[in-house]
1. On the basis of being open to solvent by 50 Å² or more (accessible area, probe 1.4 Å), in contact with a helix residue (DSSP H, G or I) (Cβ under 7 Å, 6 or more places away or on another chain) and over 28 Å from V315 (Cβ atoms), does W134 make the cut?
2. Restricting the search to segment 194-210, which residues are assigned to a strand (DSSP E or B), touching a residue at least 24 places away in the same chain (Cβ under 8 Å) and surrounded by fewer than 19 Cβ atoms within 10 Å (Cβ to Cβ)?
3. Just to be sure I understand, how many residues within segment 305-318 are over 12 Å from E190 (Cα atoms) and open to solvent by 10 Å² or more (accessible area, probe 1.4 Å)?
4. Going through T94, T165, T99 one at a time, which residue ends up being of a type in the set (V, I, T), open to solvent by 30 Å² or more (accessible area, probe 1.4 Å) and farther than 30 Å from S250 by Cα?
5. Among the numbered criteria (1) touching a helix residue (DSSP H, G or I) at 6+ places or on another chain (Cβ under 7 Å); (2) in a loop (DSSP other than H, G, I, E, B), which one does I72 miss?
6. With the requirement that a residue be closer than 15 Å to G161 by Cβ and either at pLDDT below 95 or in a helix (DSSP H, G or I) (or both), what does segment 319-331 give you?
7. For segment 239-265, how many residues meet the condition of being under 20 Å from H330 (Cβ atoms), in contact (Cβ under 8 Å) with a residue 40 or more places away in the chain and open to solvent by 20 Å² or more (accessible area, probe 1.4 Å)?
8. Would you confirm whether any residue within segment 226-238 is outside any loop (DSSP other than H, G, I, E, B), in contact with a helix residue (DSSP H, G or I) (Cβ under 8 Å, 6 or more places away or on another chain), surrounded by 14 or more Cβ atoms within 10 Å (Cβ to Cβ) and modelled with pLDDT of 95 or more?
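The values are calculated or read from the model by the stated rules, or taken from the named source; none is laboratory data. None of these values were measured; they are calculated from a predicted model. Backbone-built Cβ (ideal geometry, glycine too); neighbour counts: all protein chains shown. With ligands, DNA and RNA removed, areas are computed over all heavy atoms of the protein, side chains included. Shrake-Rupley method; radii C 1.70, N 1.55, O 1.52, S 1.80 Å.
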Amino acid sequence: MYETQKKRRIRRPAAWLLAVLLTGVLCCQAVWADQRTLIPVGKAVGIKLFADGVLVVSTSETAPCPARDCGIREGDLIVSCNGEKVTSTEDLQTLLQATGGQPAAIGLRREGKTLNVTAAPVQGEDGSWRLGAWTRDSMAGVGTLTFYDPDTGAYGALGHGITDTDTAQLMPLSSGSIMETSVKAVKKGEKGEPGQLKGDFTAQHDVGTVSANTTGGIFGTVAEGDFVSGTALPVAQRSQVTTGPATILSTVSGDDTRAYQVEIVRLCPMNRDGRDLLLKVTDPQLLETTGGIVQGMSGSPIIQNGRFVGAVTHVLVNDPSQGYGILLEHMLEAVG
């Protein structure tokens with residue numbers, strides 16, 4: 001009886017201490033969430049990405065096709081040729097010419113795994129040695145800067161990853177940059193045909209780096225602090241987001257970033273594909289200019305009740321006035 005009572009006395013202080021610790025952890029989490037602030041940006045930027053190797057877009061349908069014959073597939077990443085690192089299509093071409101038509105050891109990455117195959121190049125009509133594969137080593141386009149952290153210089157953009165147009169795979173990133181750009185024209189969205197922002201970044205003025213290409217957006221560091229400005233807002237938690245009026249920040253003409261009215265129609269079930277919110281553009285001026293959401297507006301910040309909710313990510317092809325958005329907390333989770 002004494003032993004049982006003694007154990008109970010020990011358990012009670014231990015249970016009390018555990019409860020205090022858990023309460024402290026929960027309180028800290030709540031305080032952290034309320035205090036975390038980021039600047040919503042909404043600037044259009046040019047984006048350049050360079051692949052970590054050479055991405056195979058497709059293989060030749062005619063025979064012989066060394067790439068297909070040795071097992072190379074669409075979506076594979078060629079990372080080496082005869083032990084030499086491949087960083088561009090030019091690298092691959094140079095190394096293939098050096099083989100003189102002899103079998104070449106090709107290093108691949110496929111679904112996170114490393115593979116090695118042997119391909120026998122064939123000679124084209126111009127005398128060059130080829131694998132019979134179409135490849136890509138870089139991509140460029142226009143998107144929207146979502147947030148900026150003035151304490152670290154970090155930024156996030158797009159709200160979704162940059163994928164190869166042919167393989168639909170995330171572009172494996174070696175390096176990249178964001179550039180100052182100006183929106184010169186808008187292709188208005190129509191039912192069945194998404195619109196597009198057309199930017200001019202011929203000046204090639206890099207204002208930041210790209211260090212991560214994820215399903216939740218691209219991320220990096222702004223090199224020039226004066227490129228972005230604004231007031232930091234608290235990051236909204238999902239429980240703080242409601243259906244109803246909201247605002248997005250976008251640049252659809254020149255470098256003029258403006259606020260436009262939208263409605264959060266629905267909060268979608270928990271997922272990680274950039275479709276957390278269903279949005280509807282209600283702003284007459286934006287509807288007149290773009291028809292709603294167009295390509296290039298991905299990353300436009302969403303603000304509601306003084307909180308930073310997330311970013312625009314997708315347009316509904318059959319109704320460009322509507323689209324989807326990702327919660328900012330999910331963008332932050334994507335970059336870790």
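1. The answer is no for W134.
2. Passing the criteria: Q196, K198, D206, T209.
3. Filtering segment 305-318 down to residues over 12 Å from E190 (Cα atoms) leaves 305-314.
So of that shortlist, the ones also open to solvent by 10 Å² or more (accessible area, probe 1.4 Å) come out as 305-307, 314.
Total meeting the criteria: 4.
4. So the residue among T94, T165, T99 that is of a type in the set (V, I, T), open to solvent by 30 Å² or more (accessible area, probe 1.4 Å) and farther than 30 Å from S250 by Cα is T94.
5. Failed condition: (1).
6. Quick first cut of segment 319-331, residues closer than 15 Å to G161 by Cβ only: 324, 326, 330-331.
Matches in segment 319-331: H330, M331.
7. 5
8. Checking segment 226-238: at least one residue is outside any loop (DSSP other than H, G, I, E, B), in contact with a helix residue (DSSP H, G or I) (Cβ under 8 Å, 6 or more places away or on another chain), surrounded by 14 or more Cβ atoms within 10 Å (Cβ to Cβ) and modelled with pLDDT of 95 or more.
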